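Engineer: First the structure, then my questions, so here it is.
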Amino acid sequence: MTLEPIVGRYLRLSVGAADYRIYFEEAGQGIPLLCLHTAGADSRQYRHLMTDEAITAHFRVIAFDLPFHGRSNPPDRWWLEKYRLTTSSYVAFIRAVWHTLGLDRPVVVGCSMGGAVALKLAVDYQHEMRGIVGLESSAHAPGRYNEFLHHPAIHGGELAASYTYGLCAPQSPESSARENWWYYSQAGPGVYAGDVHFYSIDWDGRDAIKAIDTNVCKVSLLTGEYDYSCTPDMTRQVAAAIPGARMVIMKGIGHFPMIENYQLFRQYLLRELEYMRTPSS
Amino acid sequence: MFTEAWLTRFQQRLNADQEMAVIGDWFTVSMSLSCDDQRRVLRFERGRLAQTIVTPKLDAPCAFGFRASADIWRRFFSDPPEPLYHDVFAMLMRVPGFVLEGDTLVAMQHARALHRAMRVMRTVTPA
């Protein structure tokens with residue numbers, strides 16, 4: 001028998017006038033490392049990272065499910081409002097988790113839409129953070145939204161899972177890419193579409209990210225060469241807009257590095273986490 | 001590009017595919033594959049490629065199809081494929097010359113099986 005060190009708990013918090021019951025997992029001790037999952041998925045994507053002793057020896061790794069995702073419930077009366085994630089609602093929710101858990105100067109790791117909002121956090125709250133590790137981070141990512149993502153004549157789970165499966169690199173282990181497929185097949189109706197509304201329509205940080213001071217908040221950007229949603233060129237544009245940002249294009253990796261090929265990804269990640277631990281000069 | 005011999009090899013490989021046998025129960029549809037001025041029609045029945053039509057006429061209806069130039073198809077079939085050409089959804093988003101024509105709703109209703117068929121297809125190298 002193997003008992004993993006990941007511990008899952010529920011958190012009660014309020015954002016605006018709504019109350020939430022949020023599921024989160026954590027492992028390790030040290031610098032808070034707050035992990036943000038991708039659109040239409042949940043915190044399970046970080047399970048490898050949370051069992052990596054090279055990380056948990058130095059970091060308190062925390063991953064939570066956004067409302068509507070995984071084991072986090074929607075707020076009351078959710079059935080009366082179309083789910084649409086926005087930049088402001090996404091940031092407000094992350095901040096609520098951050099404050100409620102009392103995270104002191106965390107490092108934020110986010111992938112895809114999480115990588116996008118990590119940039120926004122670094123713009124607005126850079127003095128309260130050690131840094132961000134943006135995975136597949138773009139400042140503007142139009143083109144992913146389409147009406148078929150939530151359509152009565154289409155199985156939304158199978159479409160979302162198939163639509164995102166090809167975002168993995170062809171070299172990634174099949175079992176890992178399929179694990180992510182499975183997560184994507186489990187989102188509620190319209191949740192992936194609602195997330196993509198943030199990622200591909202509402203989010204535009206092209207001007208704002210120029211305000212990030214990497215002497216205050218470190219920025220590491222890791223993007224897979226096979227990512228066609230946030231292409232390497234899109235991340236290069238982010239890096240060019242933030243003086244001092246570090247950037248690596250990861251060979252043989254796609255859009256979901258932490259779940260599609262963790263063994264390869266961790267070689268890149270550990271370097272950036274070491275950088276995050278190093279005191280700023 | 002899509003010769004009779006190649007179509008036969010694809011048919012054999014797809015019809016032996018273990019995954020398609022699991023997911024293909026509702027994959028009954030006809031689609032076209034077009035390369036420059038060549039066009040083929042593939043008729044699927046319950047996940048099996050039942051018929052390939054090399055010179056389709058008026059009596060070979062199909063719901064949707066993929067159309068691209070020979071250069072784009074060659075890049076799709078390359079091993080390992082270059083980024084943006086490694087998956088049909090990648091090409092639909094990032095390769096302007098790769099087109100999903102016809103009834104896209106029907107295509108997306110079959111997204112899982114269609115995607116699997118195209119993944120298997122990519123492993124059958126054209127002559």
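Every read-out reported here was derived from the displayed coordinates using simple, explicitly stated rules and does not represent laboratory data. Treat the numbers as computed from the prediction; the structure is a model and nothing was measured. For neighbour counting, all protein chains shown are included, and Cβ atoms are generated from backbone atoms with ideal geometry for every residue, glycine included.
Engineer: May I ask you to list, by number, the DSSP H helices of chain B whose Cα span along the axis is at least 20 Å and whose average Kyte-Doolittle hydropathy reaches 0.5 or more?
Structural biologist: Working: long enough: none.
Helices meeting the criterion: none.
Engineer: Turning to a different aspect of this structure: Can you work out D for the range A:99-230 in µm² s⁻¹ from Stokes-Einstein, where Rh is the Kirkwood radius over C-alpha pairs, the temperature is 20 °C and the viscosity is 1.002 mPa s?
Structural biologist: Values: Rh = 16.0 Å.
Estimated via Stokes-Einstein, D reaches 134 µm²/s.
Engineer: Same structure, new question: How far apart, in nm, are two points set 7 Å out from the Cα along the Cα-to-Cβ line at A:W78 and at A:Y10?
Structural biologist: So the label points at A:W78 and A:Y10 sit 1.3 nm apart.
Engineer: What ranking of A:D195, A:D104 emerges when the number of other C-beta atoms within 10 Å of each C-beta is taken as an exposure proxy, fewest first? Intermediate values should be presented prior to the final figure.
Structural biologist: Working: A:D195 30, A:D104 10.
Fewest-to-most Cβ neighbours within 10 Å comes out as A:D104, A:D195.
Engineer: Something else: For A:K82, list the lysines whose Cα falls under 28 Å from its own Cα; do not include residues on the same chain fewer than 8 positions away.
Structural biologist: A:K120
Engineer: Separate question: For Cα pairs less than 8 Å apart in space and 6+ apart in sequence, what is the mean separation divided by the residue count of chain B, i.e. the relative contact order in percent?
Structural biologist: Answer for chain B is 28 percent.
Engineer: Turning to a different aspect of this structure: Using every alpha carbon pair in the range B:4-122, what percent of pairs falls into each 10 Å bin from 0 up to the bin containing the largest distance?
Structural biologist: 13, 48, 36, 3
Engineer: Taking H placed 1.01 Å from N in the peptide plane, check which residues at least 5 places from B:F27 or on another chain put their amide H under 5 Å from its amide H.
Structural biologist: Placed amide hydrogens put B:R46, B:G47 under 5 Å from B:F27.
Engineer: Same structure again: Cut-off 10 angstrom, C-alpha nodes, Gaussian network model of chain A. Which of A:L11, A:L149, A:L103 fluctuates the most?
Structural biologist: With Cα springs under 10 Å in chain A, the top fluctuation among A:L11, A:L149, A:L103 is at A:L11.
Engineer: To the nearest Å, what is the center-to-center distance of the range A:129-204 and the range A:25-64, using C-alpha atoms only?
Structural biologist: Here the two parts' Cα centres lie 20 Å apart.
Engineer: To continue, here is another question. Using R₀ = 30 Å, calculate the FRET efficiency as 1/(1 + (r/R₀)^6) where r is the Cβ-Cβ separation of B:A21 and B:D59; round to 0.05. All intermediate terms of the calculation are to be shown ahead of the outcome.
Structural biologist: Working: r = 30 Å, r/R0 = 0.98.
Calculated value: 0.50.
Engineer: Sticking with this structure for a sec: Less than 14 Å Cβ to Cβ from B:M1, Lys/Arg counted +1 and Asp/Glu -1: what total charge do the surrounding residues give? Walk me through the numbers on the way to the answer.
Structural biologist: Details: positive: B:R9, B:R39, B:R40, B:R67, B:R74, B:R75, B:R122; negative: B:E4, B:D36, B:D37, B:D71.
Net charge around B:M1: +3.
Engineer: Now a separate question. Mind giving me the nanometre distance, one decimal, between the label points for A:D204 and A:H48, set 7 Å out from Cα along Cα→Cβ?
Structural biologist: About 3.6 nm separates the two model spin labels.
Engineer: Hey, what did chain A get for relative contact order, percent, Cα under 8 Å, at least 6 apart? Intermediate values should be presented prior to the final figure.
Structural biologist: Numbers: 611 pairs, mean separation 54.2, N = 281.
So the answer I get is 19 percent.
Engineer: Still on this structure, please answer the following. Averaged over every viewing direction, what's the projected area of the C-alpha convex hull for the range A:51-92? Give it in nm², one decimal, please.
Structural biologist: 4.4 nm²
Engineer: I need A:S138, A:S112, A:S200 ordered by Cβ neighbour count within 10 Å, fewest first.
Structural biologist: Numbers: A:S138 28, A:S112 31, A:S200 21.
Final ranking by Cβ density, sparse to dense: A:S200, A:S138, A:S112.
Engineer: Quick one: B:V106, A:V108, fewest Cβ neighbours within 10 Å first, how do they rank?
Structural biologist: Ranked by crowding around the Cβ, least crowded first: B:V106, A:V108.
Engineer: In the range A:68-174, which GluC sites (Glu not before Pro) fall in coil by DSSP and have 15 or fewer other Cβ atoms within 10 Å? Walk me through the numbers before you get to the answer.
Structural biologist: Working: sites: A:E81, A:E128, A:E136, A:E147, A:E158, A:E174; in loops: A:E81, A:E136.
Hits after loop and neighbour filter: A:E81.
Engineer: Here is a further query. Three principal axis extents, largest first, for the C-alpha atoms of the range A:32-191, in Å?
Structural biologist: Cα extents, longest axis first: 47, 41, 29 Å.
Engineer: Using label points projected 7 Å from each Cα along Cα→Cβ, tell me how many nm separate B:E101 and B:T123, to one decimal.
Structural biologist: 3.0 nm
Engineer: Loop-only trypsin sites (Lys or Arg not before Pro) in the range B:4-70, please: DSSP not H, G, I, E or B, and at most 10 other Cβ atoms within 10 Å.
Structural biologist: Working: sites: B:R9, B:R13, B:R39, B:R40, B:R43, B:R46, B:R48, B:K57, B:R67; in loops: B:R46, B:K57.
Passing both the DSSP loop test and the Cβ count: B:K57.
Engineer: For the range B:9-55, place one equal point scatterer on every Cα, skip the solvent, and apply the Debye formula. What is log10 of I(q)/I(0) at q = 0.31 Å⁻¹?
Structural biologist: Taken in order of the listed q values, log10 I(q)/I(0) reads -1.12.
Engineer: With the cut-off at 17 Å, report for the range A:1-43 the share of all Cα pairs above it, as a whole percent.
Structural biologist: Numbers: 462 of 903 pairs.
Tail of P(r) above 17 Å: 51 percent of Cα pairs.
Engineer: I've got another one for you. Roughly how crowded by other chains is peptide B:107-114, in terms of the mean Cβ count from those chains within 10 Å of each of its Cβ atoms? Present the calculation step by step, with values, prior to reporting the outcome.
Structural biologist: Details: counts 1, 11, 7, 5, 10, 9, 2, 1.
Counting other chains' Cβ atoms within 10 Å and averaging over B:107-114 gives 6.
Engineer: Computed on alpha carbon atoms, what radius of gyration and Dmax characterise the protein assembly as shown, expressed in Å?
Structural biologist: Looking at the protein assembly as shown, its Cα Rg and Dmax stand at 22.3, 74 Å.
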